[in-house]
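The values are calculated or read from the model by the stated rules, or taken from the named source; none is laboratory data. Fair warning: this is a prediction, and the values are worked out from it, not measured in the lab. Using ideal geometry, Cβ is built from the backbone for each residue, glycine included, and neighbour counts are taken over all protein chains shown. Side chains are part of the model used for accessible areas, which takes the heavy atoms of the whole protein and leaves out ligands, DNA and RNA. Shrake-Rupley method; radii C 1.70, N 1.55, O 1.52, S 1.80 Å.
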Amino acid sequence: MKYSIVLLSTFLLFDAYGSLQAADSAGTAKLEIAGSTLDVVFASGELDLPHTKVLDWISRSAHAVAGYYGRFPVRRAQITIIPVAGSGVRSGKSFGYPYVRVRISIGRSATKEDLEKDWMLVHELVHLAFPSVNDMHHWIEEGIATYVEPIARAEAGQLSAEKVWGDLVHGLPQGLPQAGDRGLDYTSTWGRTYWGGALFCLLADIEIRKRTQNRFGLQDALRAINAAGGSIEVSWELRRAFKIGDDATGVPVLTELYERMRAAPVDTELPELWRSLGVAVDGRIVIFDEQAPLAKERRAITAGRSG
């Protein structure tokens with residue numbers, strides 16, 4: 001894939017508080033993704049990798065997100081690449097104001113292999129596809145990003161279904177309520193925010209598929225929310241977003257599950273859930289039982305939709 005890189009001396013950057021600053025730039029590039037435009041800015045600093053390899057990674061990540069949502073979530077966004085000490089992809093953050101942008105810090109010695117196995121950029125790009133909500137609902141923003149990221153990559157052929165389900169088996173116990181839990185809206189621990197939100201998404205996905213005989217899933221609800229204008233650029237009430245998602249699937253799963261889990265700890269018997277889905281983990285090996293009651297639903301979750 002060919003890219004045009006333009007060298008610039010400075011570019012405009014908003015800090016975490018929305019203050020406009022001038023910063024040194026090592027070049028910019030423009031990517032067209034499913035009808036949307038990504039303006040890529042390389043902040044000053046050296047990377048061992050050529051910029052074209054970084055652009056390949058950005059394009060691959062953006063196409064995975066566009067595939068999951070049936071479109072790229074916003075019409076235009078800026079991706080700022082910031083070289084830092086170390087290796088691998090170090091951190092990321094997405095913003096909707098005053099314009100849509102994602103900041104990603106990459107270790108100066110990062111390799112092509114580091115970028116190929118990275119999950120962080122897809123996670124941040126998924127954030128662009130859901131409206132900004134009240135801080136008490138931050139769990140749904142992080143939960144969707146945590147849940148959708150590996151599934152989007154699996155649908156794009158970048159991750160195996162075994163990897164998706166193995167990571168869920170290992171990660172979701174961190175999202176279960178602990179002593180003193182007051183529900184998702186009122187318990188802002190790291191585990192409940194990221195993995196508790198992801199657990200909400202998995203439970204919703206399964207229940208939507210059960211009630212619709214696998215005709216619809218959470219992916220359809222999230223596509224509808226984004227298509228209705230629900231992106232990081234706007235602020236919505238959470239119930240509004242859930243109502244749009246429920247209308248798209250024809251079943252009120254998101255609203256009902258939210259009312260159950262928002263202000264009270266709801267325990268989930270994960271071992272029984274994995275048995276129903278036909279997922280077993282033996283060390284690093286993931287084994288699927290295709291005769292399990294919810295095996296069809298499990299397969300559909302990572303198979304995805306076209307269009």
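Tabulated data
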| read-out | value |
| --- | --- |
| Any hit, the range 186-201, residues being of a type in the set (S, T, N, Q), outside any helix (DSSP H, G or I) and either in contact with a Leu (Cβ under 7 Å, 6 or more places away or on another chain) or open to solvent by less than 50 Å² (accessible area, probe 1.4 Å) (or both) | yes |
| Residue match in the range 222-245 (condition: over 20 Å from the mean Cα position of the chain (by Cα) and within 21 Å of residue 302 (Cβ to Cβ)) | no |
| Pick from the range 109-155, criterion small (Gly, Ala, Ser) and assigned to a loop (DSSP other than H, G, I, E, B), ranking: surrounded by the fewest Cβ atoms within 10 Å (Cβ to Cβ) | 109 |
| When residues of the range 165-176 are limited to those that are more than 16 Å from the chain's Cα centre (by Cα) and open to solvent by less than 20 Å² (accessible area, probe 1.4 Å), the one farthest from residue 187 (Cα to Cα) | 166 |
| Lone qualifier among 148, 251 - being over 15 Å from the mean Cα position of the chain (by Cα) and of a type in the set (Val, Ile, Thr) | 251 |
| Test set (1) open to solvent by 20 Å² or more (accessible area, probe 1.4 Å); (2) in a loop (DSSP other than H, G, I, E, B) - residue 162 fails condition number | (2) |
| Matching option when the condition is at pLDDT 95 or above, under 27 Å from residue 100 (Cα atoms) and open to solvent by 30 Å² or more (accessible area, probe 1.4 Å), among 211, 240 | 240 |
| Contacts under 8 angstrom Cβ, first residue in the range 29-57 being touching a residue at least 60 places away in the same chain (Cβ under 8 Å), partner open to solvent by 10 Å² or more (accessible area, probe 1.4 Å) and part of a helix (DSSP H, G or I), 6 or more apart | 49/112; 53/112; 57/116 |
| Pairs with Cβ under 7 Å, 6+ apart, first in the range 173-195 and aliphatic (A, V, I, L, M), second at pLDDT below 95 | 176/267 |
| Test: residue in the range 214-227 that is touching a Gly at 6+ places or on another chain (Cβ under 9 Å), more than 18 Å from residue 253 (Cβ to Cβ) and surrounded by fewer than 20 Cβ atoms within 10 Å (Cβ to Cβ) | yes |
| Selection from the range 243-257 of residues that are among the small types (Gly, Ala, Ser) and surrounded by 15 or more Cβ atoms within 10 Å (Cβ to Cβ) | 245, 248 |
| Any pair with Cβ under 8 angstrom, 6 or more apart, that starts in the range 257-278 at a residue that is modelled with pLDDT under 95 and ends at one that is open to solvent by less than 40 Å² (accessible area, probe 1.4 Å) and of a type outside the set (A, V, I, L, M, F, W, C) | 267/177 |
| Selection count where residues are in contact with a strand residue (DSSP E or B) (Cβ under 9 Å, 6 or more places away or on another chain) and either closer than 13 Å to residue 126 by Cβ or touching a residue at least 24 places away in the same chain (Cβ under 8 Å) (or both), scope the range 146-163 | 3 |
| Leading residue by the ranking (most open to solvent (accessible area, probe 1.4 Å)) among those in the range 258-285 that are closer than 28 Å to residue 128 by Cα and more than 20 Å from the chain's Cα centre (by Cα) | 260 |
